[in-house]
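Notes for the one structure printed next.
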Amino acid sequence: MWFYVNRVLVGHQLADAAAHDRPRGNLSDLYPRWLGARELLLHHRNPYSDDVALEIQKGYYGRALDSTRPGDPQDRQGFAYPVYVVFLLSPIIGFSFHTVQLFFYWLLIALTAATVPLWLRALNWRLPCAGIAIGIALTLGSVPAVQGIKLQQLSLLVAALLAGSAACVAGGYLFCGGVLLALATIKPQLAWPMVLWLLLWSASDWKARRRLVFGFAAFMGALLIASELALPGWMKMFLEAIRQYHQYTQNESVVDQLVNWFLGSHGGQILAAIACLASALLLWKVRREASTSAGFAAGLAVALALTVLVVPMYAPYNQVLLLPAIFLLTRDRVAVTAASPAAQLLFGAAVLALAWQWIASLSLSALWFVSPDLAFKGWKAPFYATFALPVLIYALAMLAARSPGSVLRARASAE
């Protein structure tokens, strides 16, 4: 996978950029956040302003974007994050961005690897060291992880924070779990389903679980107050930045992309609403389950699979959040496939969709040694399952949460 990305995918992008006069700067998704944090904390400039956005473009793309050039990207790369992300990045704003890039590259590798044992702990699944090592290798060699690491996407950091929060909750460290959950809201669209699920879970046994809410509320309140002190009125600026971001990128969710082809412009929104309702009903049923139960694990898997399905951004790197559902389905494969022949077919399709990225990347890597140009032409192949995989994993996660095997394990855990 790494060979494919470095030689085939990047090779195609370089050739395509040269052919269409597309700008290429540092292309680091961390850069807009890092520069915005530096300008606010060191120079007291508004990171949402147009002049800072222009400086971000010059670093990210190598020059300012020009609307008269047809090859220029549409994404302005503005500072479209809650302002409290600057506090998370404050320790690194004094270094050169080259140093920051190198540090963050290895940090994301370490954090992504750490999500494997953290999710296993949250699911209460004990694997031998060899199994954990295989899980880490496959995770670090997957399309979502490699793309996220190469782009230095904060989605991987958020995934690690969510995994840490879930592991803390499963281990009984509820206040710490709430703090990590609040910190994960630096990307609200990725965090809100799990936030809602854990708050519902906490409210269902307030006396025993209230520490999670206290941790979340205390740290979230501190972040909001500090943000208002650092940049008064930032919330309005943030919402406007989000509106502009969706306007010039026209981001759509996975379900939007799949369904709009068949049902029209509103079909995706209708199915997303149905998926949210179905998930809410399931999560309501398991809200009283203990944090070490199979029901709680199923709730985590469903909430995060739903996130990937409906979040208004279908970029593959967000699919790192499918990891707990994939682990759950691997553990419960016998119960899931025993449900019906249709479940077996669905499970087989999911396995093929998951494995396709490695089948395609291996084929293109081999082809590169024969003809790089031919490999460049097929660069899209590892991404062919990008839209199918979240749908299959979500459907199977819902099925696993209702399967007899999961119910039996939930009862055994409760006892």
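Summary table below
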read-out	value
Cα gyration tensor, the chain - rounded (a/c under 1.5), prolate or oblate	oblate
Burial ranking of peptide ranges 370-381, 158-169 (average Cβ count within 10 Å, highest at the top)	158-169, 370-381
Cα gyration tensor, segment 278-338 - rounded (a/c under 1.5), prolate or oblate	oblate
Highest-MSF residue in the chain out of I109, I132, I393 [GNM, Cα springs under 10 Å]	I132
Sequence-distant lysines (8 or more away, or on other chains) whose Cα lies within less than 22 Å of K58	K150
Cβ-Cβ FRET estimate between L196 and E228, R0 fixed at 30 Å, reported to 0.05	0.80
Helix-only mean residue ellipticity at 222 nm for the chain, each DSSP H run of n ≥ 4 adding -39500 (n - 2.57), per residue, nearest 500	-23000 deg cm²/dmol
Of the DSSP H helices in the chain, those whose Cα atoms cover at least 30 Å axially and whose Kyte score averages 0.5 or more	97-122, 206-230, 341-370
Three-way shape label, segment 333-397, alpha-carbon gyration tensor, a/c 1.5	prolate
Top of G148, G178, G62 by mean-square fluctuation, Gaussian network on the chain, Cα under 10 Å	G62
For segment 80-148 versus segment 338-378, the gap between their alpha-carbon centres in whole angstrom	25
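Laboratory data are not the source of any read-out in this text; all were calculated from the coordinates shown. Not measured: the values here are computed from a predicted model. For neighbour counting, all protein chains shown are included, and Cβ atoms are generated from backbone atoms with ideal geometry for every residue, glycine included.
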